[in-house]
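Quick one: this structure, given as structure tokens, is what I'll be asking you about.
Please treat every number below as a calculation from the coordinates, not as lab data. Quick caveat, the model's predicted, so the values are computed rather than measured. So basically every Cβ, Gly included, is an ideal-geometry build from the backbone, and we count neighbours across all protein chains shown.
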Amino acid sequence: MEYFRDKVAVITGGAQGIGRCIAEEFKKAGAHVCIIDKQEGNHFVGDISDKQVLEKFVQEVINKYGRVDYLVNNAIPLTKGINECTYEEFQYAMSVGVTAPFYLAKLFAPYFTKEAVIVNISSSRDRMSQPQTESYTAAKGGIAALTHALAVSLAGRVRVNSISPGWIDTNYTIYEGPDATQQLVKRVGNPMDIANMVLYLCSEKAGFISGENICIDGGMTHQMIYHGDHGWRLEE
């Protein structure tokens, strides 16, 4: 963990849930952590859908540290489906989930250090869906695609990867029964499952990984399900 001492890590949506866990792990490793979140707290408070808020946040980080080693785009867009999601709400989801990560990468580009890393938090929804989730799913698909585009554009300067979490319980609830057994690893995930991968991707051990998406979902997206197969039943 000495590798992260005095490094500068920027995390969006870092006041709660997965983002908070990532921030805490970086802090434990000795990194300076800069968080932006809408939730009130001892961090930069602001809505990342706002261009001016992003610019002000970046300026504050650069004024304090003059550089950035890691950018973790974790903030969560809203989840609404085609029946209820308005044009404005869909645009907001895109702003939080895709535009802000792009703009932060652009604003920080002159200040990334030699071995800088961007980690984008996508979702297994980037490849599978439930009904009425279009705004969230589109945003997560967008950031997954943005990842490999940035990796190519920033080649030789910044490594860029994304993580697609599956079911992650941010309260660390221990599930039993079908909720657990439907996962190939027989449990529901927790924020540490994601934070561990973020720190790995930011470390020198992942120096040969860029443009990649890593799905951390207990194997759930690889399990084919047919009605009547192995006890699975679809009830309409």
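Could you give the spread of the C-alpha atoms of segment 2-231 along their three principal axes, from largest to smallest, in whole angstroms?
Dimensions of segment 2-231 along the principal axes of its Cα atoms: 60, 43, 35 Å.
Then there is this: DSSP H helices in the chain with Cα extent of 18 Å or more along the helix axis and mean Kyte-Doolittle hydropathy at least 0.5?
Details: long enough: 51-65 (21 Å, -0.45); 134-153 (28 Å, 0.57).
Correct list, ordered by number: 134-153.
If each residue's Cβ is checked for other Cβ atoms within 10 Å, how do 49, 153 rank with the fewest at the top?
153, 49
Still on this structure, please answer the following. Can you give me the C-alpha center-to-center distance between segment 45-111 and segment 169-236, rounded to a whole angstrom?
Using only Cα atoms, the two centres lie 26 Å from each other.
Looking at the P(r) of segment 16-119, how many percent of alpha-carbon pairs lie beyond 18 Å? Working shown, then result.
On the way: 2719 of 5356 pairs.
For segment 16-119, the fraction of Cα-Cα distances above 18 Å is 51 percent.
Give me 233, 20 sorted ascending by neighbouring Cβ count inside 10 Å, so fewest comes first.
233, 20
To continue, here is another question. Below 8 Å between Cα atoms, with a sequence gap of 6+, how large is the relative contact order for segment 52-182 in percent? Write out the running numbers ahead of the final one.
Values: 180 pairs, mean separation 37.4, N = 131.
RCO, segment 52-182: 29 percent.
Continuing with this model, one more query. Tell me the relative contact order for the chain as a rounded percent, counting alpha carbon contacts under 8 Å between residues six or more apart.
So the answer I get is 18 percent.
Compute the Rg/Rh shape ratio of segment 1-52: radius of gyration over Kirkwood radius, all on alpha-carbon atoms.
1.01
Tell me what the chain gives for mean residue ellipticity at 222 nm when only DSSP H runs of n ≥ 4 count, each as -39,500 (n - 2.57), the sum divided by the residue total, rounded to 500 deg cm²/dmol.
Estimated from H runs of four or more residues: -10500 deg cm²/dmol.
Could you check how many percent of all C-alpha pairs in segment 95-212 are farther apart than 17 Å?
Summing the P(r) of segment 95-212 above 17 Å gives 61 percent of all pairs.
In percent, how large is the relative contact order of segment 123-236, given Cα pairs closer than 8 Å and 6 or more residues apart? The partial results should precede the final answer.
Numbers: 144 pairs, mean separation 34.6, N = 114.
Result for segment 123-236 is 30 percent.
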